[in-house]
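Reviewing the structure listed below.
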Amino acid sequence: MSKTYLRAMLVICLIAVSIFAFAQAVRKPGLWSMTSTVTWQKSPMPPGMNMPQGMQNPFAPTTRTTDVCLTQEMIDKFGAPMAYSQAQESCTVSNVVLKPTSMSAEMNCTGRMNAHATMESSWAEGNTAHGTMHFTGSMQMGSNSIPVEYTVETTSTYKGADCGSVKPLPMPLTK
């Protein structure tokens, strides 16, 4: 199990899932600060396996804050920004339901990661949004298929209309 591969998969999944789970309030395009917490219910780390000294477990609960640029196109199509930066698997989004103060959708991934995710986001006030995504499936590790399950919780805050140097992420594939 390659440390680099595991970290890359975690970052890819975190970006894909947490960006989608993010929701905009009152559909404001521009720059948002998004704090995402990933909690693994089933990590690909084999039970009893210890990390080498000085190395952090990439599957420990993590919280990260990222600036995200939400475009009008993302608002019109999904009601929330969507990332499509999967390097080694293909994910598609389906069953998007947009409501005045919430959205829900599903995501399916195939390839080195075969999984299904359910996503929900809501916003009650103009500058804050909350999202949840639950992801279950399996990750290909060599010839083995390892079950994975994790949840991403997000809180996003509107920073302003100008995204500055933050580029919008590519739009995902849809069914």
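Overview of results
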| quantity | calculated |
| --- | --- |
| Shape parameters for segment 95-134, alpha-carbon atoms, Rg then Dmax in Å | 12.4, 39 |
| Rounded to whole Å, sorted largest first: equivalent-ellipsoid semi-axes of segment 135-175, Cα gyration tensor | 33, 15, 11 |
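All of the numbers you see were taken from the coordinates with simple rules; none came from a lab. None of the values given here were measured: they were computed from a predicted structure.
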